[in-house]
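Below is one structure; the comments refer to it alone.
The values are calculated or read from the model by the stated rules, or taken from the named source; none is laboratory data. Small disclaimer: the values here were computed from a predicted structure and weren't measured. When we count neighbours, we look across all protein chains shown, and the Cβ atoms used for this are built from the backbone with ideal geometry, even at glycine.
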Amino acid sequence: MKKIFAATDFSPAGDNAALYAAGIAHTTGATLTLLHVESYPVIRENDGEGNWLDRAFDVVRTAMDVLVYHARKQYPGLQVEGQLFFGDYLDEIQQKCKREQPDLVVIGNQGKSAAEHFFFGSNALDSLREIRYPLLAVPPGYTFNGISNIALACDVEHTLDTLPVVQVAGFANYLNATLHLLYAGREEDKRPVVAAVQAAFGTLQPRFQFTDSFSNIPALARAVHADLLIVLPRTHGFFEHLLHRSRSRHLLEHSNMPILVLHK
């Protein structure tokens, strides 16, 4: 892992996610870029655009400087910088990702900014699928204390050909974590796949758990003491359940672990 982006609106949840990203970057040796996108407001007739931009820039620049300071103080030696943008939140983040190809994008999952609408708006599912980069949502107040266990949510459709083995193994190896594959479906239906999947992960030696319902996946992740839950857009039942407006709000606001969305 070489490059991590963390987007913040300077809310407590956003800054907490940025510091969580700093912990991952420090652990993996990656560089960290903190991103903030300031929306353009309606400008009053007697308030010149240049004056407003100068004042807005001063405010967010100070907030970014403080956040960078805290990240460096908490993780000495961390390579971190802050960047500011004006415009549409999602558009700016997408363009930044396309230009620089990050290995991970981290965001807080609670707040009243455009970041919240990105997760909970009516087009949230389409937006998440448009960003073809690993996207990590960090619960409010969740601090980085290392990642020892990673859980991957799978369904009966996931075979060796459809699992992002390289991506998942890369995260687990970078973080020196144990990998747990959580399958929604009957164990007897997955036995032919288990041996092949286990061999594909090689020395990582994932552990397998089974449940009869997608709704049990978060509880199963907690049962294996997961520090991180990975979900896949191709896991249609679980992913649609995850991003349903009311259920996603409840899960993301009350989950006791970060959630990572991976595209193969």
Q) Of all residues in the range 40-73 being more than 17 Å from S11 (Cα to Cα) and at pLDDT 90 or above, which is farthest from the chain's Cα centre (by Cα)? A) K73
Q. Is there any pair with a first residue in the range 198-216 that is within 14 Å of H180 (Cα to Cα) and a second that is charged (D, E, K, R) and loosely packed, with under 13 Cβ neighbours inside 10 Å whose Cβ atoms are under 8 Å apart and which are 6 or more apart or on different chains, and what are they?
A. F210/R186
Q. Taking strands (runs of 3 or more DSSP E) that fall entirely within the range 91-172, which contain at least 3 residues that are modelled with pLDDT of 80 or more and closer than 28 Å to T211 by Cα?
A. 135-138, 149-155
Q. When only residues in the range 188-203 that are surrounded by 14 or more Cβ atoms within 10 Å (Cβ to Cβ) and in a helix (DSSP H, G or I) count, which is modelled with the highest pLDDT?
A. A200
